[in-house]
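Visitor: One structure, pasted below without further comment.
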Amino acid sequence: MKHIFMSLIFLFGLGSTVCVADSDVRNSYLYERFTLKGGVLHHSATGEFSSKKDGKKKVEVDLDDLGLDEKDNTLSVSARLRLSKKFSLNSGYFGYHESGKNRSPFDYDFGDITIPVNAITDSEVNLDVYYVNLGYAVYSAENTEVGLGIGVHAADFSLQIEAAIESVGPLPPVSIGQETEDILAPLPNLYLFASRAIKENILLHLNGGWMSLSYDDYDGDLFFVRALLDYRIKKHFGIGGGYSYYDFNVDYDPGNKVETYDVKFHGPMVYLILGF
């Protein structure tokens, strides 16, 4: 992943020399009024849930222990409305969703239930992130734009585990119980972006964001980075691809225990572009 980002940064710098000759014309794609992108991300995920109750040792469970597939395709949508030469309104959505079934490799506590070794677990993890921010171009030229933004994220995260003990013979499994830990909160975020028109119809975008989670008994953060390359086939239509990285970490501390949810996912993405 490091080599991919270094290559894109090199192309970004190379684009600055290519674009010098176009100093009298603003790139029509970079500065268009409205841009919509929609596509699919292919994530490779790693995740861990840990629990430390008063008087008990810390227990850690990862996605593989829960039988969750660590590779997933998910939807990604983003939109930009240019309000002026310097200001733009940006919004978008991305997520990660997976479910699985497995046998517990050891005893552990989740919520108010204790899951014994070899119990059957049905698990589901969901992370949906929605954001809206107002961007300001600190530097704006014919074929280059660099800026920052401030806005609001809504992070909707949940982990659900249902456990049961297998019965002897034809009897159905005996349910232990079901627990769900989730959080949904509007949170402030910071956003950085940089765009370069390498050629008239080829644009490179680097962007990232960070938000702080602090809500009731929850505390943590979310960080993401994207590198995208757009190719405009026609005036109002194009295709693109890139790479993304997300890191979501939350601690839940109601007073008698500390639970940690740490999910990282990264991978390539492809999308369609509509612009006007």
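The values are calculated or read from the model by the stated rules, or taken from the named source; none is laboratory data. Bear in mind the structure is a predicted one, so any value in this text is a computation, not a measurement. Cβ: placed from backbone, ideal geometry, glycine included. Neighbour counts: every protein chain shown. Just the protein is used for accessible areas: all its heavy atoms, side chains included, with ligands, DNA and RNA removed. Shrake-Rupley method; radii C 1.70, N 1.55, O 1.52, S 1.80 Å.
Visitor: When segment 88-124 is examined, which residues are found to be over 18 Å from the mean Cα position of the chain (by Cα), open to solvent by 50 Å² or more (accessible area, probe 1.4 Å) and among the hydroxyl-bearing types (Ser, Thr, Tyr)?
Guide: Thr114, the sole residue that qualifies.
Visitor: Show me the strands (runs of 3 or more DSSP E) found entirely inside segment 32-116 where at least 3 residues are farther than 22 Å from Thr260 by Cβ and at pLDDT 85 or above.
Guide: Ranges flagged: 34-53, 71-82, 87-103.
Visitor: Please find, within segment 159-182, the residue that is nearest to Asp262 (Cα to Cα) out of those that are touching a Phe, Trp or Tyr at 6+ places or on another chain (Cβ under 9 Å) and open to solvent by less than 70 Å² (accessible area, probe 1.4 Å).
Guide: Leu159
Visitor: Please tell me if Lys199 is surrounded by fewer than 21 Cβ atoms within 10 Å (Cβ to Cβ), without any contact (Cβ under 8 Å) to a residue 24 or more places away in the chain, farther than 26 Å from Ser158 by Cα and out of contact with any Ser or Thr (no Cβ under 8 Å at 6 or more places or on another chain).
Guide: Against the criterion (surrounded by fewer than 21 Cβ atoms within 10 Å (Cβ to Cβ), without any contact (Cβ under 8 Å) to a residue 24 or more places away in the chain, farther than 26 Å from Ser158 by Cα and out of contact with any Ser or Thr (no Cβ under 8 Å at 6 or more places or on another chain)), Lys199 does not qualify.
Visitor: Now a separate question. When segment 65-81 is examined, which residues are found to be buried (at least 18 other Cβ atoms within 10 Å of the Cβ) and farther than 29 Å from Asp122 by Cα?
Guide: Ser78, Arg80
Visitor: Right, something else. I'm told Asp24 meets every condition in (1) in a loop (DSSP other than H, G, I, E, B); (2) modelled with pLDDT of 85 or more except one. Can you identify the failing condition by its number?
Guide: So Asp24 meets the others, but not (2).
Visitor: Using the structure shown, decide if Ala185 is over 27 Å from Arg82 (Cβ atoms) and open to solvent by less than 80 Å² (accessible area, probe 1.4 Å).
Guide: yes
Visitor: Starting from segment 24-43, take each residue that is in contact (Cβ under 8 Å) with a residue 40 or more places away in the chain and list its partners that are in a loop (DSSP other than H, G, I, E, B) and open to solvent by 70 Å² or more (accessible area, probe 1.4 Å), counting only C-beta distances under 7 angstrom and pairs at least six apart or across chains.
Guide: Qualifying pairs under 7 Å: Asn27/Glu200; Glu32/Phe276; Arg33/Phe276; Phe34/Phe276.
Visitor: Within segment 158-186, restricting attention to residues that are under 21 Å from the mean Cα position of the chain (by Cα) and farther than 24 Å from Phe106 by Cβ, which residue is modelled with the highest pLDDT?
Guide: Asp182
Visitor: Say we look at segment 43-64 and pick out the residues that are surrounded by 13 or more Cβ atoms within 10 Å (Cβ to Cβ) and more than 28 Å from Tyr243 (Cβ to Cβ); which of these is farthest from the chain's Cα centre (by Cα)?
Guide: The residue in question is Lys53.
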